[in-house]
Structures are given as C-alpha cells and as structure tokens.
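First comes the structure, then the notes that go with it.
The values are calculated or read from the model by the stated rules, or taken from the named source; none is laboratory data. Keep in mind the model is a prediction, meaning the values are calculated, not measured. Methodologically, a virtual Cβ is constructed for each residue, glycine included, from the backbone with ideal geometry; neighbour enumeration extends over all protein chains shown.
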Amino acid sequence: MPWPRRTHHPVVTDVSRPSGGSGGNLWPCDLEMFQTLRIPAELVAAAGIERVTDQQAREGFGITGKGDMSGLVFPYFIPGNGNYRSTCRLRRDHPEIENGKPKNKYVSPFGDNRHLYFPPGAADSLEDQRTEIVFVESEKAAIAVLAWARRRGRSFVPIATGGCWGWRGRIGKTVDASGTRVDESGPLPDLHHVKGRNVYILFDANIATNPNVKAACHQFMHRIYKLGAARVVVLDLPSGSWNGPDDLIASADDSAMEEVFTTRPQLIAGRNRNR
C-alpha cells in the first residue's frame, strides 16, 4: 500500500537488505528497465520505488491533475532531517503528448515544497566531507550513477534536481511592494550539502541543443559556487542515441561513463579556475 503523506519512514542505507518489501509490487517491465540501467534489484528496493494506479497516486500521494496518473513513485528523503519522507515524484506511464514530446511526464504532490532527490546511502556518505556530489536531472539517473560509482569504486553521491530548473523552488513567504504576503522562490535549502565539496553537474545531453537547459545549468553552476562549493565541474555527455547519463550506462559499458569524468570535464568555477 502507498505510504501516507508526510509520515515517518526509515531510509534504508544498507542496500544489501531490501527495504521491508518496498518495491515488491513492481511489474516485470519495471524490473527489466532497472536491470537495463544496470541497477541491482536490492538498490531498487532500498530506494522504496513503488508502482501505483491512478487512484493510488491521487489518494495515497496527493497527486492531482488531468489524465492517467499511474506509474512509478520515487519517494524523497532528506539527509539529516530525521529520515522523514518529505515528498515524492511520480514518473507517469502515459503522459500526454504535445508537439511530439511527453508533457508532464513527472509530477509531484500538490502543495508539497520542492526538494532534491537523495538516493539510498546518501546520509552516510555525506558525513565524509571528501565525498563528491554529482547533480543529475532524474531520480533513475541518480540511482543508475550510484550503481555505476559503486561498481567502479568511486565515492560519489548522485543527487537529482528533478529537471534542469528543479534546484529552485518555493522556499518561504515574503512581502511584496504592496505589503501582500507572497511565495518566495530561490535555491533549495537542500543545496547546503555542496559547501566545501567538489561538485559535478551532469545534465542531460540536450543541454547542447536546448537554450533553456543551458541557461539553467549556467545559473546552477554559479549558485553552487556561491554556496561554498570547492569547485564546480560541468560534464559533457558524448553525442549518441541517449539523453541522460542513465541511458548512456544502459547503451555502453562502464568505461564510457568513466570517460565522461576523465576526458570530458570543463572546469567552470573553483580555486584553480580554468576554462
């Protein structure tokens, strides 16, 4: 059954143990998708990913909107926040199509504040200040990169922004020029984890062709550096049939992703600034 919203649920940081049955309702096609991305079943279980019907999405998770809301729910946990599920995001099976592209493929519960997505084990890994952060756009990309990093013996915490502008959102209330209380938007408080760390930005490959994604990445890079990151490196996915880093992992071997970090970085901001 879906979890009640805003209730206490433990984060499973030991991916050798399934998370109390979470993810046990996934369809064979779901498991096949994660297997294609080279994400082991125990990591899928630890992430607490659930398959929901349209009714379950609406009644159990507060998902609203028109259309069929059946799909996969990715629960969000915030490290250092008592391990509470803060929100979630739904990857819809049947999003509407507009101009040949899916519309509202990912949706969040109505009224929830936006958060970053931290994969299993993030809380423990972030206790070590030497652990580097890799920002990606989607939850499944974060989990796929985490699985890849563990296979390669790399100490990374992949964090998903939930889209290229997902690092911004409602952060509180303020008063406008007329004295009316309005929502205040800005960089999410979850970004405090970047302070003192080496940070990578690995957005989807359409950053090369989409001016909106490119602008989002540019602003994100500068904001991270202002928040105290030791250095910020924007990574460049090679051209191909893939869009996100998870697609690259599915289409190529592990060495292809290794090359993204070793031969395709562009140092954008840091103590030893170099373009």
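Quick notes
- Considering Gly240, Gly228, the condition of being assigned by TED's automatic domain parsing to the domain that holds Arg154, within 27 Å of Gln129 (Cβ to Cβ) and over 19 Å from the mean Cα position of the chain (by Cα) is satisfied by Gly228 alone.
- Residue check, Gly153 in contact with a Ser or Thr (Cβ under 7 Å, 6 or more places away or on another chain) and not polar (S, T, N, Q): no
- Residue tally, condition within 20 Å of Asp190 (Cα to Cα), of a type in the set (D, E, K, R) and either crowded, with 21+ Cβ neighbours inside 10 Å or in contact with a helix residue (DSSP H, G or I) (Cβ under 8 Å, 6 or more places away or on another chain) (or both), over region 86-117: 2
- Any hit, region 12-34, residues being buried (at least 21 other Cβ atoms within 10 Å of the Cβ), modelled with pLDDT of 95 or more and within 20 Å of the chain's Cα centre (by Cα): yes
- Residue check: Trp165 meets all listed conditions (1) part of a helix (DSSP H, G or I); (2) closer than 23 Å to Ile63 by Cα; (3) touching a helix residue (DSSP H, G or I) at 6+ places or on another chain (Cβ under 6 Å); (4) hydrophobic (A, V, I, L, M, F, W, C) but one, namely (1).
- Listed by position, the strands (runs of 3 or more DSSP E) inside region 68-162 whose residues that are closer than 17 Å to Ala47 by Cβ number at least 2 are 71-77, 85-92, 132-136, 156-160.
- Once region 49-85 is narrowed to residues that are acidic (Asp, Glu) and closer than 17 Å to Asp30 by Cβ, the residue that is surrounded by the fewest Cβ atoms within 10 Å (Cβ to Cβ) is Asp68.
- Residue selection: Thr131 satisfies the criterion of being buried (at least 16 other Cβ atoms within 10 Å of the Cβ), assigned by TED's automatic domain parsing to the domain that holds Asp190 and in contact with a strand residue (DSSP E or B) (Cβ under 9 Å, 6 or more places away or on another chain).
- Region 184-216 - residue that is in contact with a helix residue (DSSP H, G or I) (Cβ under 6 Å, 6 or more places away or on another chain) and part of a helix (DSSP H, G or I) and, of those, nearest to Gly162 (Cα to Cα): Val213
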